[in-house]
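The block underneath contains the structure these notes are about, expressed in structure tokens.
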Amino acid sequence: MPFFSSQSWSETTAASVLGLLIVVALVFVVVRYVEWSSNANLAAFASQTDVAAAVATPILPLNGRTGCGQGNKSLPALSLPLE
């Protein structure tokens, strides 16, 4: 006894193939959108980093005065507990 007695095999096969084509088309559209979005975001990020590099402040030397009052204090001595 067939599962759907009112439908023929060709109708069931055609519906299955149509459903499969719709799923494949949707997957293709989603993948293309993600690729496009990634490329657009990468281009926007690259343009922002170019602007930031042009405006960047010079790097300060690591030794010498830093201009920060906290950085010129001596470090506290570390004391270990005696046992």
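What the table shows:
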{"read-out": "Val51 being among the β-branched types (Val, Ile, Thr) and at pLDDT below 80", "value": "yes"}
{"read-out": "Test result for Asn63, open to solvent by 90 Å² or more (accessible area, probe 1.4 Å), out of contact with any Pro (no Cβ under 9 Å at 6 or more places or on another chain) and at pLDDT 80 or above", "value": "no"}
{"read-out": "Within region 5-17, tally of residues that are surrounded by 10 or more Cβ atoms within 10 Å (Cβ to Cβ) and assigned to a helix (DSSP H, G or I)", "value": "7"}
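The values are calculated or read from the model by the stated rules, or taken from the named source; none is laboratory data. Since this is a predicted model, take the numbers as computed values, not measurements. Note that each Cβ is placed from the backbone with ideal geometry, even for glycine, and that neighbours are counted across all protein chains shown. The area values use the complete protein model at the heavy-atom level, side chains included, leaving out ligands, DNA and RNA. Shrake-Rupley method; radii C 1.70, N 1.55, O 1.52, S 1.80 Å.
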